[in-house]
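Working notes, structure below.
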Amino acid sequence: MKQAAKLSTFFSLYLAQAVPLSLFSTLLPVIMRQGSFSLSAIGLLQLIKLPWILKFFWAPLVDKKTTGLKAFKKWIICSELAYALLILCIALLDLQLNFNLIFVLILLSFVASATQDIATDALAALSFTKKERGRGNSMQSMGSFAGTLIGGGLMMILYKEIGWTILLTGVAFFLALALWPIIRYQDTDLQFRKVTARISISDIGHFFSQKGGVRQLLFLLLIQIGMIGILAMYKPFLVDHGLELKEIGLMFGIFGPFFGVLSSFSGGYILRRISRYKAKLLVAGLVLLVPLLFWTLTVATAQRPMLYAFVAYMWTAYGFASVLVNTVAMDFVRPGREGTDFTLQTVLVHLSSMVIAVFSGKAADSLGYGGLALIEVGLATLSLVYLLFFGKNAKYAE
């Protein structure tokens, strides 16, 4: 199969996951607040992300029932069609009158999208060789950032022009159309797996007992730790510097994700040319520069060009880090358990990011933005030192 067709197939699948996720996460709080919903009700929206946190519980089922391309395509197509159908149902409901039902339907739609993601990740692990995985995972990161740009940026603008029903109906049809590449997908070089061992939820625990498991876990938890808190606190920082919400939305909904897409694309090519270990050190260095630059903004008179330049760099580093994390996680999967192992690793990254984001707010409250920056410098330095001494993992060739 031609490499370009393979890459575009996975890009379309990851993009289809990301657009509704970003749209609901960004648009719903705004609509609800305009409709005089309570802050408590708006706060409950965080629960719609639960399926993406808990998806490792049913990842073993997907692995157990999937041995060849036909089975993978069945999981992906059925899940995404369910995703599209549920969003179409949401489009026909009034948020003010049917909030509880819409909440349940969004939750179910995210279960469908998370299931599609499990199968897609497992298929990607089997479709790309070790040398190709950097470019393959760049499609995952590009799809995620492009989905943020479209769902959290462009569609927010479009909503004002066409409204809730037409917008979500269009999203549902987009999801259906995004299936065309996977429907036509054929890969004669794909090594179909034969699942001979019993796969169950207990396999999640066994993941950490394999050689290099703890070292892999520490890498995943540390590699982005030096910038997650700043990503979480930069919006309030901009508010405190007098920027209006519309401009902040443009910065984080379109401008930043655009650089994330670019760096994800280039990151895939870089990973083809250097070892995993060198890539880890490169990303650790890029991440370390994020809190250092942020600290300069806290002590200097930050002008708008400086604020935009920092966003561009931060999302560039974030894009590189995302490609590396996905690629290294894909390297560290067991045969027959690709979906379970990859899902477990990425969920751990998301959970640790959530914890860091929460504590970053407490740190900024207590020590100010400058204090937060210095803490993040320390954490990023810890990550780099860890990689220098323990960064090579014998589980796969470096």
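The values are calculated or read from the model by the stated rules, or taken from the named source; none is laboratory data. Just so it is clear, the structure is predicted and the values come from calculations on it, not from any experiment. All Cβ positions, glycine included, derive from the backbone under ideal geometry; neighbour counts span all protein chains shown.
Every residue, every condition in (1) outside any helix (DSSP H, G or I); (2) under 20 Å from Q140 (Cα atoms); (3) in the same structural domain as G152 (by TED's automatic domain parsing), yes or no:
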position: L13; (1), (2), (3): no, yes, yes
position: I31; (1), (2), (3): no, no, yes
position: S36; (1), (2), (3): yes, no, yes
position: L45; (1), (2), (3): no, no, yes
position: P51; (1), (2), (3): no, yes, yes
position: L61; (1), (2), (3): no, no, yes
position: L85; (1), (2), (3): no, no, yes
position: I102; (1), (2), (3): no, no, yes
Worksheet item: Between residues in region 100-115 that are in contact (Cβ under 8 Å) with a residue 60 or more places away in the chain and residues that are among the β-branched types (V, I, T) and crowded, with 18+ Cβ neighbours inside 10 Å, which pairs lie under 7 Å by C-beta distance while being six or more apart or on different chains?
Response: I106/I48; I106/I90; L107/I48; S109/I87; F110/I48; T115/V62
Worksheet, complete the sentence: Note on region 118-173: residues farther than 14 Å from T26 by Cα and either among the hydroxyl-bearing types (S, T, Y) or not assigned by TED's automatic domain parsing to the domain that holds W75 (or both) are T120, S127, T129, S138, S141, S144, T165, T169
Item to complete: Scan region 3-51 residue by residue and report those that are aliphatic (A, V, I, L, M), surrounded by 14 or more Cβ atoms within 10 Å (Cβ to Cβ) and modelled with pLDDT of 85 or more.
Response: L7, L13, L15, A16, A18, V19, L21, L23
Discussion item. Being in contact (Cβ under 8 Å) with a residue 12 or more places away in the chain and either touching an Asp or Glu at 6+ places or on another chain (Cβ under 9 Å) or over 17 Å from P60 (Cα atoms) (or both): is that true of D331 here?
Written reply: yes
Response to the item:
Those residues of region 239-280 which are more than 27 Å from I150 (Cβ to Cβ), of a type in the set (S, T, Y) and assigned to a helix (DSSP H, G or I) amount to Y277
Item to complete: Filter region 210-225 down to the residues that are at negative phi and part of a loop (DSSP other than H, G, I, E, B), then identify the one that is surrounded by the fewest Cβ atoms within 10 Å (Cβ to Cβ).
Response: K211
Worksheet item: Mind checking whether some residue in region 167-184 is part of a helix (DSSP H, G or I), surrounded by 13 or more Cβ atoms within 10 Å (Cβ to Cβ), of a type in the set (G, A, S) and modelled with pLDDT under 85?
Response: no
Worksheet item: Tell me, which residue of region 256-296 that is within 29 Å of G152 (Cα to Cα) and hydroxyl-bearing (S, T, Y) is surrounded by the fewest Cβ atoms within 10 Å (Cβ to Cβ)?
Response: Y269
Worksheet item: Going by the conditions given, is L27 in a helix (DSSP H, G or I) and closer than 30 Å to Y269 by Cα?
Response: no
Worksheet item: Among the residues of region 344-398 satisfying the criterion of being buried (at least 19 other Cβ atoms within 10 Å of the Cβ), polar (S, T, N, Q) and assigned to a helix (DSSP H, G or I), which is modelled with the lowest pLDDT?
Response: S360
